[in-house]
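Data block below; observations after.
The values are calculated or read from the model by the stated rules, or taken from the named source; none is laboratory data. Because the structure is predicted, anything quoted here is derived from the model rather than measured. All Cβ positions, glycine included, derive from the backbone under ideal geometry; neighbour counts span all protein chains shown.
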Amino acid sequence: MSLAAIIFSILTIISSLGVIGCANPLNSALCLVLTLFFVAAHYAMMGAHFVAAIQVLVYAGAIMVLVIFVIMLLGLERDESSSDFKKPRNVLTAAVIGLFIGMLIVAVQSGVAGAPVDGLADASIVNDGGGHAIGQVLFTRYVLPFEITGMLLLAAIIGAVYIAHEQRKPLAEGRGLKAVRNRE
Amino acid sequence: MEHLFNLTASGDVVLSLLVFLPLFGAITLFLLPEDNDSLARSVAMFFAGAAFLVSLTLLKLFEVGTPRMQFVEMMDWIPSLGVKYILGVDGLSIWLLILTTLLSLLVIFASTSIAQRLRSYLGCLLLLETGMLGSFVALDGITFYMFYELMLIPMYFLIGVWGGKRKIYAALKFFIYTALGSLLMLVAIVYLGLSHEQQFGELSFYLGDWVNLRFGAKEELLLFAAFALAFSIKIPLFPLHTWLPDAHVEAPTGGSVILAGVLLKLGIYGLIRFAMPIFPGAIEALAPVFVVLGVAGIVYGALVAWVQTDIKKLVAYSSVSHLGFCVLGLAALNMQGMQGSVLQMINHGISTGALFFLVGVLYDRKHTRLIADYGGLAQKVPMFAFVFMVFTLSSVGLPLTNGFVGEFLILLGGFQYNPVAGAVAVTGVVLGALYMLSLYRRVIFGSFNEERNGDLTDLNPREKLVFAPLLVLVFLIGVYPQPFLNRIEPSTRAVLEYVNQRNAVAPSVVAENPALRRTSVPQGPESRLEVVEN
Amino acid sequence: MEKTLLLVPLFPLVGALLTYVISGKDERHHRMAGWIATFAAVGSFILTFQLWRALSAVEGSVITAHAWTWFEVLPFKVEFAFLFDRLAAVMTLIITGVGSLIHLYAIGYMSHDPERPRFFAYLNLFLFAMLLLVLGDNLLVMFVGWEGVGLCSYLLIGFWHRDMGNAVAGQKAFVVNRIGDAGFLLGMFLLVMMTGSLEFQQLSQQIPYVDPMMIELAAILLFIGAVGKSAQIPLYVWLPDAMAGPTPVSALIHAATMVTAGVYMMARMQVLYSFAPAALSVVLIVGTLTAFVAATIAIVQNDIKKVLAYSTVSQLGYMFMAMGSAAFSNGIFHVVTHAFFKACLFMGAGSVIHGCHHEQDMRKFGGLWRKMPLTFVTYLISTLAIAGFPFTSGFFSKDAILWTVFNVAEDAPAMNHTVVVFGDIPLNLFCWGVGVLTALMTAFYMTRSLMMTFFGKYRGHHEPHESPMVMTIPLMILAALAAGFGFVYGEAFMEYLVGWTRIDMQVGHHALAEHNEVYHTLELFSMGVAILGIVIGVLCYSVCSGIPKALVKHAKGLHNFLVNKWWVDEFYQAVLIRPLSGFSTFLFKSIDRVLIDGILVNGSGMFVEAGGDVLRRLQSGRTSSYAFLMFVSLFLLILLYLVFMPVPI
Amino acid sequence: MGAVTGYLYLSALLFSLGVLGVLVGRNTIVILMCVELMLNAVNIAFEALSVHFQTLDGQIAVFFVMSVAAAEVAVGLAIVITLFRNYLSVETHDAVTLRG
């Protein structure tokens, strides 16, 4: 791997550690945004500029903004949740995840060296990483999944509205955002 | 045997009528108004009586001397699955049908002590009667299984609703124990149906078709084990008997009479009707196991009965001992043993059924079953003491009573099969006298406790009417059992000869382990009885 | 003639039903019960007498009657049929004759018992069963009678069932009989396996062709049945307790008829036993031991009925000694004479008890000869007979038995003579010696009972009175028979039963006892023994009454040992009954309750329940634990995939 | 050739960190974010292999993963809001009413 790639990898790892480690959800959200940028950088280095752009645009832009918006909405930025690593259960979880990493590494070593899968073998298109090639493939071979994803998004929107929807009836004493706000 | 089973529908409907008459009774009962007890009892009596009459006409029309099935009914029930509705009666089942209808009639007639919900009590009894009658006449695996399971539900309610203190535990234990066994049998039935399709092309559950199936040694043993387990739980064979005392102690009088009188016989009947013709190699190979368990059951049942303090539990363990005799007779695989076993089933139904009625008489009056609560009843209730004496003697197997003939044949068959088993089984006869007479002495003789049992009244006319037919049967079978044996003989001979012929021709299982070869060659009609050491 | 043969057992049966039905209802008819039953018995006796007359003089003639086929499992068939030959004639005459006399006696004895109908019904039922036993044409009908008499003795022993002691005695009798019957059953099964049938004619034809080992086994098994029924060692314990029943019962069942069933069975199966020398030796030994042991116990008993009970066991021992030496007819002869004098003794004792208002302890009697002269005379005659006083019937039968045991006939199919005891004494000589010793003891304890009851001064506090005529007539008849039968009909009886007599005992046989001078010396010897016993008895209990007390004080241990009946009952209780009930409680408590019920049945129930509980704990409600579980399973799946699936790339 | 294995290692590490975050997370929102992190790790792997095998399928997959992730976040946040409304806190250890 090129030097730049290694540096960016280390930075990505650090920022993702930040996501987990931060006590304050707002800080971890910002770390996540940083991680997303580094991942976009990786895409770019691999030549997939269009994907990098989309990554930044969709992920960092849309999703993270929404997350931060909700954090601020619920007023969680002041919560100092104690991430207690000491509890035996978490040590057990860490150990299991360690094993998991080991297994993945072993899998990676044993598996990757194989022959290239037949797929779309036109190397030229891949290199230019432009949107043209992706658009062409997307709307020829993958048009069905594309439509299904559209439906999925529609369902997600309706679901989200329905779940978060508050009935008009007056809330019982002490319930609902306004009541909470006043109480603080 | 094949000629026995390729049947043609004989066109008459008497068997279906007999089987479903009680069912109609049960249904009409549920349509009646809830609280009118006397109406409910008269309707139930009508249907039970009708069923009894039909069974009597069946007996009259029954042709003696032929092993083939009579009054056969064949109808396609579920054509796609190859399940046919086939009914037929022969020497093995004719007397059991009569016993079922008689006992059910007597139980319904004597159901005065049931206070709450009499209507559904009688409904359960009629439903139970249908299940029993169906199981005795069904010749198709699935139909048999359906009736076999149908019996469980009403029996469960009989014990669970009208039972004694621990009725829920007893009912649940009874249900799970028997159902578990029969599930295994269901697996075997399905396997047989499929292997019939495999060997003969079309799926069939008819006993006649199954008889032509041929299995490997291991396969046959396993299938036989499935059937044998289901029936051994029902019998109950020695180690699987612990549900019986609880079920009997907690069941109401009527329930335990039917349970002891008929339900237990299905195990033995099932073994003879289904297990023997289909798995002749396995029955011959496992015969020593059944002999050992049977004899163990005889001695164990007798000894444990001797130390009981509750009359019903004592009689329940005596049933374990008596049916140990039946199993011994069955496993002896010779004419004396088999006929003795079938006859003893009927005798046991009569004597133990009557004993439970007697306990019911005491329980309805004093609401306690402990032997210690009674004593010296002879002075207060002489008629009860006399009837109790007769059935004690019948249960002990005194000559000129019904118990003796069956027991003698079984012991003779057992002795011919293996003298040691015969000798140990004979001790069962002695132990039988011990525990029954000690029960009789503690309840009937000795000093009478006036203030506790002072208000005891002797048998009322209704109870006398219940005991009359049973008393007549005890002495009739004891003194002149020939008409009974004439009808049983052809069928048992057919089954036995088929088993021996199949084992002689293709000794699949037995060839592989000569150690299981029995000591005596079964007796054909012409040859004299002698022990052939081979 | 066939009809009358069927009627003989039917009369008592009908009598029993009639007695119970007619007189069972109300008080006035109770008195009739006794008479109906007696008429039935006497009627049966008359019919038997006619049959006996009809039985032609030819030795082997037989009258048979076939009722119906009892049950039939080809090739084995059992008929309800009767056989009336000379042996059966003798036994039936005794049963119905003595039976009728005892019925007559019982009317007097049970005159004020409220439950008379039930008593006489059982008594008649007993006669029916006993006749079945004796007249049966095959072993199975005999077995029906065999268990039938067992049942009736159970009912009659426990007749006064208010007192639990009587009921326990009745049950003990039935169960011990049942143990014997189990042996009898096994013997029958073996015979069926060997010969395919149970009829006596068939058996006697086919037994010679059966393998000797099996014959010995069958003989022993049938003998076990006889031991149970005729109260030999080790199954005699029930007879002394059977005295709990009314005295007529003891007289009829436990002296004259039922207990001799075993002897009759052996005589009937003489073909089997003559082919089983080993079995005969066993019978001889058991008979001798029983005779000796019972006699020793009888000496120290104080209850008059117990003395007579043990004397019966002892006399039965004698009969089996005769059977053991294959002298079947001598055994039957002793059965007959024993029936006479023992029934007379029991009834005498009964009338004494009746007179002294149900007092049974001899120490409360004394000097009754003045108050009850008739009873005294008959009791005296019978005591002389049983003691073997010269020329009484007891003497003839007992002396003949001692001679058959002593005299080893070469060609007689008796026991093999190689068996020796204590070094070199041949078995039969040993048994003869013990037999003579027992004869001495018999004479002594019978004279003791005579002296304690009828002589000395009256020790009881009731006012004894002579029994009514209806009781004394049977006494006198039997006393006459006891005295004269042997002398008058001794020879004729032996000729009559020539079919069952041992070769050397048959009239006209060269080594016949008459011409054998050893026989005459032995005859004199046993006369002397009898007289000696009587003299000792008389002396001990009249002139020097101090001797018995001194002896008792001196031989304290032995006396105690005998009074406690050799501790046999306690032995059975400790070795048999207590361990058996302990074992059954163990079976019930631990095997049934804990092992099968507890562990297997409820255990599996609890196992399922416990399993459910563990799984329930997994649903902890915390999402993180769910996530963790999901992750772990994912991890394992991937691991499995990697390990087992070859990586395709 | 090292690039692909490198990226795969990176993706494995990121994925594991995401899982650790989910399992240990105290706050529901943080768990949501960690799920995002895991998805990104997968995307990296997709992209790396797509380049390695010279095919576009990988990149197309990345697009679909992104859209699914968006949908997932939307629904996730809606749940978080309702969670907050009922339990007044988003700590994982409060919502235990489903305990068996």
Only one residue in B:G337, B:G360, B:G324 is more than 9 Å from chain C (Cβ to nearest Cβ) and under 15 Å from the mean Cα position of the chain (by Cα). Which one? B:G324
Given the criterion over 26 Å from D:V90 (Cβ atoms) and not assigned by TED's automatic domain parsing to the domain that holds A:V180, identify the matching residue among A:L11, A:L36. A:L11
Quickly run through segment D:17-52 and pick out the residues that are facing another protein chain (nearest Cβ under 7 Å) and surrounded by fewer than 21 Cβ atoms within 10 Å (Cβ to Cβ). D:R26
Which residue is farthest from D:A78 (Cα to Cα), if the candidates are limited to segment A:155-169 and must be facing chain D (nearest Cβ under 9 Å) and among the hydrophobic types (A, V, I, L, M, F, W, C)? A:A155
Sort out which residues of segment A:37-63 are closer than 20 Å to D:V80 by Cβ and buried (at least 20 other Cβ atoms within 10 Å of the Cβ), and write them in order of number. A:Y59, A:I63
Residues to consider are B:Y363, B:Y300; find the one that is aromatic (F, W, Y), surrounded by fewer than 24 Cβ atoms within 10 Å (Cβ to Cβ) and out of contact with any Gly (no Cβ under 6 Å at 6 or more places or on another chain). B:Y363
Checklist (1) over 19 Å from A:V56 (Cβ atoms); (2) without any contact (Cβ under 8 Å) to a residue 24 or more places away in the chain; (3) of a type in the set (A, V, I, L, M); (4) surrounded by fewer than 24 Cβ atoms within 10 Å (Cβ to Cβ) applied to D:L8, failing item: (2)
Answer residue from segment C:262-319, given it is more than 30 Å from C:V210 (Cβ to Cβ) and of a type in the set (K, R) and is surrounded by the fewest Cβ atoms within 10 Å (Cβ to Cβ) among those: C:K306
Among the residues of segment B:79-98, which ones are within 16 Å of B:G131 (Cβ to Cβ) and surrounded by fewer than 20 Cβ atoms within 10 Å (Cβ to Cβ)? B:Y85
Give just the number: which of (1) modelled with pLDDT of 80 or more; (2) within 26 Å of D:L14 (Cα to Cα); (3) within 7 Å of chain D (Cβ to nearest Cβ) does A:G102 not satisfy? (3)
Subset of segment C:194-223, residues surrounded by 21 or more Cβ atoms within 10 Å (Cβ to Cβ), within 11 Å of chain B (Cβ to nearest Cβ) and in a helix (DSSP H, G or I), comes to C:M194, C:T195, C:L221
Find all pairs meeting these conditions: Cβ atoms under 8 angstrom apart; at least six residues apart or on different chains; first residue within segment C:169-193 and within 7 Å of chain B (Cβ to nearest Cβ); second residue hydroxyl-bearing (S, T, Y). C:Q171/B:S438; C:Q171/C:Y154; C:F174/C:S153; C:F174/C:Y154; C:A182/B:T427
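Yes or no, residue by residue, for (1) more than 14 Å from every other protein chain (Cβ to nearest Cβ); (2) within 26 Å of the chain's Cα centre (by Cα):
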{"site": "C:N560", "(1), (2)": "yes, no"}
{"site": "C:E570", "(1), (2)": "yes, yes"}
{"site": "C:I577", "(1), (2)": "no, yes"}
{"site": "C:L587", "(1), (2)": "no, no"}
{"site": "C:S590", "(1), (2)": "no, no"}
{"site": "C:N602", "(1), (2)": "no, no"}
{"site": "C:G605", "(1), (2)": "no, no"}
{"site": "C:V614", "(1), (2)": "no, no"}
May I ask you to say which residue of B:V64, B:V19 is β-branched (V, I, T), touching a residue at least 60 places away in the same chain (Cβ under 8 Å) and in a helix (DSSP H, G or I)? B:V19
If we keep just the residues of segment C:103-161 that are within 14 Å of another protein chain (Cβ to nearest Cβ) and not in a helix (DSSP H, G or I), which is surrounded by the fewest Cβ atoms within 10 Å (Cβ to Cβ)? C:P114
Of the residues C:F635, C:F583, C:F631, which is modelled with pLDDT of 80 or more, of a type in the set (A, V, I, L, M, F, W, C) and under 60 Å from the mean Cα position of the chain (by Cα)? C:F583
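When the residues of segment B:405-415 are narrowed to those that are more than 8 Å from every other protein chain (Cβ to nearest Cβ) and under 18 Å from the mean Cα position of the chain (by Cα), which ends up surrounded by the most Cβ atoms within 10 Å (Cβ to Cβ)? Step through it out loud before you land on a result.
Looking only at segment B:405-415, we keep the residues that are more than 8 Å from every other protein chain (Cβ to nearest Cβ), and these are B:406-407, B:410, B:413-414.
Checking which are under 18 Å from the mean Cα position of the chain (by Cα) leaves us with B:406-407, B:410.
Working: B:G406: 29, B:E407: 27, B:I410: 32.
Applying the filter and picking the extreme gives B:I410.
In the set C:S581, C:S624, which member is part of a helix (DSSP H, G or I) and either more than 7 Å from every other protein chain (Cβ to nearest Cβ) or surrounded by fewer than 15 Cβ atoms within 10 Å (Cβ to Cβ) (or both)? Spell out how you get there, then give the answer.
Numbers: C:S624 fails: either more than 7 Å from every other protein chain (Cβ to nearest Cβ) or surrounded by fewer than 15 Cβ atoms within 10 Å (Cβ to Cβ) (or both).
None of the other options fit; the residue is C:S581.
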Picked from segment D:53-73 (must be buried (at least 22 other Cβ atoms within 10 Å of the Cβ) and not hydrophobic (A, V, I, L, M, F, W, C)), the residue farthest from the other protein chains (Cβ to nearest Cβ) is D:G58
Members of segment B:377-403 found to be touching a Phe, Trp or Tyr at 6+ places or on another chain (Cβ under 6 Å), facing another protein chain (nearest Cβ under 10 Å) and in a helix (DSSP H, G or I), listed by number: B:Q379
Name the residues in segment B:370-386 that are under 27 Å from the mean Cα position of the chain (by Cα) and crowded, with 22+ Cβ neighbours inside 10 Å, would you? B:F384
Candidates B:L434, B:L439 - the one that is part of a helix (DSSP H, G or I) and either at the interface with chain C (Cβ under 9 Å from one of its Cβ atoms) or touching a Pro at 6+ places or on another chain (Cβ under 9 Å) (or both): B:L434
Scope segment B:296-320; condition within 12 Å of chain C (Cβ to nearest Cβ), within 21 Å of B:F388 (Cβ to Cβ) and either in contact with a strand residue (DSSP E or B) (Cβ under 6 Å, 6 or more places away or on another chain) or of a type outside the set (A, V, I, L, M, F, W, C) (or both); matching residues: B:G301, B:Q308, B:T309, B:D310, B:K313, B:Y317
Report, by residue number, each residue of segment B:276-306 that is within 15 Å of B:V327 (Cβ to Cβ) and β-branched (V, I, T). B:I283, B:V289, B:V291, B:V292, B:V295, B:I298, B:V299
Output the number of residues of segment C:313-363 satisfying the condition of being part of a loop (DSSP other than H, G, I, E, B) and charged (D, E, K, R). 1
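Kindly indicate which of B:E63, B:E73, B:E34 is out of contact with any helix residue (DSSP H, G or I) (no Cβ under 7 Å at 6 or more places or on another chain) and charged (D, E, K, R).
B:E63
B:L470 - would you say it is in contact (Cβ under 8 Å) with a residue 40 or more places away in the chain and over 25 Å from C:L576 (Cα atoms)?
Taking the combined requirement at face value, the residue satisfies it.
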